[in-house]
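The values are calculated or read from the model by the stated rules, or taken from the named source; none is laboratory data. Nothing here was measured: the structure is a model prediction, and the numbers come from that model. Quick reminder, even Gly has a Cβ in these numbers, built from the backbone with ideal geometry, and neighbours come from all protein chains shown. Note: areas computed on protein heavy atoms with side chains; ligands, DNA, RNA excluded. Shrake-Rupley method; radii C 1.70, N 1.55, O 1.52, S 1.80 Å.
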Amino acid sequence: TEAYKGWLRYEKIEDQDWMNENGKWLSAIVSSGTCTTVIESAIEELIKAFTNMTGQKPALSDSVQSSYSIVLSKIEEGDDASNELNDDGYIIQAKKTDNGSAVLLAGKTDIGILYASFHLLRLIQTRTNLETVNLRENPTNQLRMINQWDNMDGSIERGYAGESIFYENNQFTNNLERIKDYARLLSSVGINGISINNVNVHAVETKLITNDFLPHVAKVAEIFRGYGIKTFLSVNYASPIQLGDLETADPLDDNVRNWWKEKVKDVYSYIPDFGGFVVKADSEHRPGPFTYGRNHADGSNMLAEALEPFGGIVIWRCFVYNCMQDWRDRKTDRARAAYDHFKPLDGQFHENVILQIKNGPMDFQVREAVSPLFGAMNETNQMLEFQITQEYTGQQKHVCYLIPQWKEILEFETYAKGEGTPIKRIVDGSTFKNRFSGITAVSNIGNDTNWTGHQLAQANLFGFGRLIWNPDLSVEEITNEWIHATFGNDPDVVEQVSIILKDSWPIYENYTSPLGVGWMVNPDHHYGPNVDGYEYSVWGTYHFADCDGIGVDRTVASGTGYTAQYFDENASMYESLDTCPDELLLFFHHVPYTHKLKSGKTVIQHIYDTHFEGVEQAIGLKERWSSLEGKVDQECYQNILDRLTGQIDHAKQWRDIINTYFLRKSGIQDEKNRTIY
Ligand code: BDP
């Protein structure tokens with residue numbers, strides 16, 4: 001089906017004017033260099049695309065044969081262009097020849113050439129004129145990764161689009177074609193690394209690093225290699241014990257250290273370009289170095305030493321907090337945890353350790369502050385973790401386009417080195433000249449035909465890749481590319497879909513949890529409203545609503561002192577009620593319901609208004625989409641229509657439960673006298 005193809009649809013070009021001027025280039029492909037698997041992928045993609053777009057299969061040759069052609073070429077070290085490119089960079093340039101013109105797709109590496117090919121296809125999808133094309137691209141971020149949270153039983157932790165495309169019944173799948181198509185989608189937006197199993201590593205997945213499964217991991221790695229993507233595994237910190245070899249996993253024990261060295265050797269004997277390990281340790285009941293009285297530097301450095309000789313890296317997650325706290329005490333602020341654990345260890349990590357930090361200090365809420373760890377450790381490699389899978393943002397039943405959220409986070413000014421150090425300049429490694437740096441995200445795909453359940457959720461996967469390739473791209477540019485590639489060029493479709501996407505996150509925020517407070521969801525599955533679902537539990541996720549007010553006091557003056565974890569400018573902005581931005585008010589302060597926001601509204605009136613408005617807006621989304629019937633593929637149309645219909649019902653549930661709760665708690669009537677159930 002069309003939805004399966006995602007943004008690599010390559011529909012027939014109906015625009016005759018464009019074809020008259022540009023079609024001639026699409027009839028011949030020239031590749032003179034060595035045909036590596038990556039170059040083969042590029043050629044295969046171009047042939048497939050040109051054939052579909054023009055109705056004619058292009059000729060392939062190893063030297064220029066016709067007046068107009070697409071030429072894949074390698075830029076040698078020493079060439080002028082070489083200095084302008086990093087390893088993954090490329091040039092796309094139209095060059096006059098004796099009797100015509102060639103569009104060069106040139107990179108220093110094969111991967112650069114593959115990226116150039118995908119970029120050319122995007123140019124064609126947006127109907128760019130090739131005659132004058134001349135552009136140079138370098139990715140801003142070095143590691144551009146995806147984390148699969150797939151389990152080998154076929155389930156996916158926080159997966160909302162079917163089962164795993166990698167595993168079934170505790171085995172690897174035989175459907176390698178689907179994995180290849182996934183690799184194409186990822187590579188087309190510049191992703192260059194993937195960890196293929198859940199960060200919560202259970203008994204079966206612990207065996208991924210043994211001879212039982214390594215041959216299979218190697219097969220998957222081979223597919224990804226063809227698209228310039230390195231394979232990583234999530235490992236169980238207690239593997240030496242779990243696999244029955246040792247009685248301890250103490251990182252300072254020589255037997256343990258040697259065990260890992262041997263293990264890593266095995267892994268590399270199967271996968272010579274293996275990326276490394278992703279580790280969730282001492283978090284949510286996962287084992288880790290704390291058991292042995294050691295810290296996270298000890299734990300990660302042990303793995304780093306084993307991986308170093310092979311060029312592998314350790315991606316160590318900072319999502320570490322006490323998930324069994326005594327809620328009656330409620331003094332331990334979960335938001336503080338990552339900084340409190342890791343900041344004191346700055347400078348103690350090996351060069352090939354990179355800390356993976358979630359965008360916020362809590363957990364991928366609709367809205368939360370940014371993690372204060374960004375920029376706080378100037379001698380430690382850092383990488384940012386986003387969540388594409390919509391765990392807290394509507395589980396792909398609601399449309400929630402996350403690129404605007406991520407863009408805001410990347411642009412956030414940390415003041416780590418004074419003005420001019422936004423998060424994007426920390427995680428791209430430029431601020432502290434890190435050896436390793438980058439951005440990763442939890443994938444949102446499964447084996448549903450359309451990959452993401454809600455087809456509009458494909459835009460989040462596409463947009464993630466594009467944004468981390470170049471965080472300076474605007475949301476509009478990214479959205480525009482996705483719509484053209486996915487739905488074609490009808491201006492009406494482009495306009496309406498871009499409005500739907502652009503508005504969707506603020507709308508979702510409107511009818512869910514207000515002013516940055518977060519967590520008003522049902523425990524465990526995290527779908528749907530439940531104001532007190534987490535209020536009396538051990539997870540550290542509170543809103544503190546009572547009859548007088550609501551919000552978490554994280555100030556130094558009277559609260560948990562969390563605000564002090566930011567650099568001064570931000571610390572004082574959040575500390576003061578006057579300067580704390582409205583949208584994060586309840587994240588940082590406990591205030592009366594009658595507190596006046598900068599908008600002039602009281603908190604309670606804001607809650608009522610946004611919840612009523614959010615539902616109206618959700619209805620508006622469906623109306624907008626309905627206007628496109630007949631203008632987009634019927635199956636896609638129906639999929640999105642059904643989801644938008646469900647979204648409206650569910651938004652009403654949110655509105656009613658949240659508004660009723662706060663009406664009863666506060667006893668304050670809605671100024672507009674609307675019915676609150
Ligand atoms: C939370 C998820 C949980 C993950 C955890 C993590 O609810 O399923 O295991 O994050 O990132 O968002 O480790």
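Quick notes on this one:
- Chain lengthening between S599 and E411 when straightened (0.36 nm per residue, less Cα-Cα): 65.3 nm
- One Cα centroid belongs to segment 1-51, the other to segment 619-677; the line between them spans 41 Å.
- Cleavage-rule hits (trypsin sites (Lys or Arg not before Pro)) in segment 317-380: DSSP loop, at most 10 neighbouring Cβ within 10 angstrom: R328, K331
- Volume per residue for segment 60-163 equals 175 cubic angstrom (convex hull of Cα atoms).
- Of all accessible heavy-atom area on segment 482-546, the percent that carbon and sulfur account for (1.4 Å): 54 percent
- Taking only alpha carbon atoms, segment 193-350 gives an Rg to Rh ratio of 0.99, where Rh is the Kirkwood radius.
- The alpha-carbon positions of segment 8-108 define a convex hull whose volume is 116 Å³ per residue.
- The simple spin-label model puts a point 7 Å past each Cα toward its Cβ; for E222 and S67 those points are separated by 4.5 nm.
- All Cα-Cα distances of segment 390-477, cut into 10 Å bins from zero to the largest, leave 16, 42, 28, 12, 1 percent in each bin in turn.
- Using the rule -39500 (n - 2.57) for each DSSP H run of four or more residues, divided by the residues of the chain, the 222 nm mean residue ellipticity is -11000 deg cm²/dmol.
- Euclidean distance between Cα centres, segment 503-556 to segment 257-324, Å: 34 Å
- In nm, spacing of pseudo-spin labels at N522 and N86 (7 Å Cα→C-beta vector): 4.4 nm
- Alpha-carbon centroids, segment 165-234 and segment 331-387: separation in whole Å: 27 Å
- Per residue accessible area of segment 422-532, 1.4 Å probe, in Å²: 25 Å²
- Accessible carbon and sulfur surface of segment 183-267 relative to its total accessible area, %, 1.4 Å: 44 percent
- 1.4 Å probe accessible area per residue over segment 332-401, in Å²: 22 Å²
- Principal axis extents of the C-alpha atoms in segment 464-581 (largest first, rounded to whole Å): 55, 36, 24.
- Of the peptides 76-83, 19-26, the order by per-residue mean of other Cβ atoms within 10 Å, starting with the highest, comes out as 19-26, 76-83.
- Expressed as a whole percent, the accessible surface of segment 11-80 that belongs to carbon and sulfur atoms is 44, based on a 1.4 Å probe.
- Bridge type composition, the chain - antiparallel percent by DSSP, nearest 5: 30 percent
- Debye equation applied to the C-alpha atoms of the chain, log10 I(q)/I(0) at 0.05, 0.08, 0.10 Å⁻¹: -0.24, -0.63, -0.99
- Average 1/r across all pairs of distinct alpha carbons in segment 365-436, invert it, and you get the Kirkwood radius: 13.3 Å.
- Remark: segment 543-619 carries 39 Å² of accessible area per residue (probe radius 1.4 Å; ligands, DNA and RNA excluded).
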